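Reviewing the structure listed below.
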Amino acid sequence: MSILPFTYFMPTRVECGNGISTKTGELVKDLGVSSVLIVTDKGVRGAGILEGIVASINAADLKYEIYDEVEPNPSVETIQQGIEYLKQHNFESVMGIGGGSSIDTAKAIAAMSTNPGHILEYEGVGKLKNSPLPIIAIPTTAGTGSEATNSTVVTNKETSFKLGVLSPLLFPNLAILDSSLTLHLPQGITAATGMDALTHAIESYTSKAASPISQGFAMQAIKMIGKNLTRSYFVGTDVESRENMLVASLLAGVAFSQSRLGNVHAISHTFGGVFNIPHGIANAALLPFVMKFNLPACTEQYREIAIALGNDVSGLSTMQAANKAIDSVVEMNCAMNIPLNIKELGVSLDALPKLVEDSMRSGNVFVNPRLTMASDIQTIIEKAYAGDLSS
């Protein structure tokens, strides 16, 4: 297998450890700033997760305020409101605390505080010109990997479209990984975010733009998720599995920041934009159907994924072993009560033309391992709606 030319760039400083978020203040002060806007959602704030972090910020004598208006699939309006709030108070840095929505919103606010115009003008790759304010990311879920990626995803409510802004300038300056912040996640969020991380890892591993570096990160993430996701789901307070899932999520984020993703994300973003379906659940439900579509293009890679997920493939043909990877994903979804079709998520085929059109607009389609046309996207959605995993 020839190695295509590739670039690896990941400038984020990562601090990982159980309880390390209580050192947030001194870690932020190392960035040379004296104030920080905390971006989060009301659920995280109401759960008391911010208390230790805020105490450390106070101890470091940093000025701060909390902006807690983030919603799932964060909108342009929420970001614009956050930008105005930041400028009113002259904050020097932005900290996202929560799931991917909070961290993505923090990235967008930090970027649009130093770049002219409107965030909708920056859809695509490499359009940001000015460095954002320093970005600090503290994930409270093990899923999105946004603390280690070069992108933010924004929902345009007027067009019901989720757009991506990608730039090397969007890598956070600092990521703080504290598994204690994830110990009391509801089972549903553990499942959705964990399967989001697995989708990132699988799509990154099989991407046409993958490199040996991105595949190394992705494969390690797959192995760790296979061993730890269902345990973190059923036990919840098991510190070891929570730690491993948080690191696996980071590794998957590092991987796909280098390789992009594939058809799962191209389609799932449309479900978020049109139906406001949570991103991780949309990914989880779609993943087996996209894997089935991609199977002829990456059979050997799926065999490797099957082994990484704990399957014994001795005596099986490459195709039989590859199918075990798809079976494993279905089994994980079943175990964690994730629907086996997208109809149960609230997807309506009445919106099929828009879903297909918006999916094809995604750059992820072009790095999907199997050549994909609009008709293929339509077929994938129809099969996922019916729960049909036949060839």
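Just the projected area, averaged over all directions, of the convex hull on the alpha carbon atoms of the chain: how many nm²?
17.7 nm²
Calculate the radius of gyration of the Cα atoms of the range 21-94 to one decimal place, then report Dmax, the largest Cα-Cα distance, as a whole number, both in Å.
Final numbers for Rg and Dmax: 12.5, 34 Å.
Which translational diffusion coefficient, to the nearest whole µm²/s, is obtained for the range 187-386 from the Stokes-Einstein equation, given a Kirkwood hydrodynamic radius over C-alpha pairs, 25 °C and 0.890 mPa s?
149 µm²/s
Between the helical axis of 299-308 and the dominant principal axis of the chain, each derived from Cα atoms, what acute angle in degrees is found, rounded to the nearest 10?
For helix 299-308, the angle is close to 60 degrees.
Taking a threshold of 23 Å on the Cα-Cα distance, which of the pairs Lys87/Lys162; Lys107/Lys157; Lys227/Lys324; Lys29/Lys107; Lys29/Lys87 fall above it?
Among Lys87/Lys162; Lys107/Lys157; Lys227/Lys324; Lys29/Lys107; Lys29/Lys87, the Cα-Cα distance tops 23 Å for Lys87/Lys162.
Rg/Rh for the range 267-344: what does it come to with C-alpha atoms and Rh from Kirkwood?
Taking Rg over the Kirkwood Rh, I get 1.04.
Magnitude of the Cβ-charge dipole of the range 202-296, K/R +1 and D/E -1, about the Cα centre, nearest 20 debye?
200 debye
Just how many % of Cα pairs in the range 34-191 lie over 24 Å apart, if you round to the nearest whole percent?
Percentage above 24 Å: 27.
Pairing the Cα long axis of helix 263-275 with the longest principal axis of the chain, what angle in degrees results, from 0 to 90 and rounded to the nearest 10?
For helix 263-275, the angle is close to 60 degrees.
By its C-alpha gyration tensor, with a ≥ b ≥ c as the square roots of the eigenvalues, how is the range 327-379 shaped: rounded for a/c under 1.5, else prolate for a/b larger than b/c, else oblate?
Oblate, because a/c is 1.5 or more while a/b does not exceed b/c.
Counting Lys and Arg as +1 and Asp and Glu as -1, each charge on the Cβ, what is the dipole of the chain about the Cα centre in debye, to the nearest 20?
620 debye
Treating cross-link reach as a plain straight distance, find the aspartates and glutamates whose alpha-carbon is under 15 Å from the alpha-carbon of Lys23, omitting any fewer than eight places away in the same chain.
The qualifying aspartates and glutamates are Glu15, Glu51, Asp61, Asp178.
If you average the C-alpha positions of the range 184-205 and of the range 319-377 separately, how far apart do those two centres end up, in angstrom?
15 Å
What does the charge count near Lys42 come to, summing +1 for each Lys or Arg and -1 for each Asp or Glu among other residues with Cβ under 13 Å from its Cβ?
-3
Compute the helix-to-body angle for 212-234: its Cα long axis versus the longest principal axis of the chain, expressed 0 to 90° and rounded to tens.
Between the helix axis and the principal axis of the chain, the angle is about 90 degrees.
Can you compute log10 of I(q)/I(0) for the range 114-237 with the Debye formula, treating each Cα as one identical point scatterer, at q = 0.10, 0.15, 0.21 Å⁻¹?
-0.39, -0.86, -1.29
Each reported figure results from applying straightforward, stated rules to the coordinates on display, with no laboratory input. Because the structure is predicted, anything quoted here is derived from the model rather than measured. Neighbour counts are summed over all protein chains in view; Cβ atoms, including those assigned to glycine, are modelled from backbone coordinates with ideal geometry.
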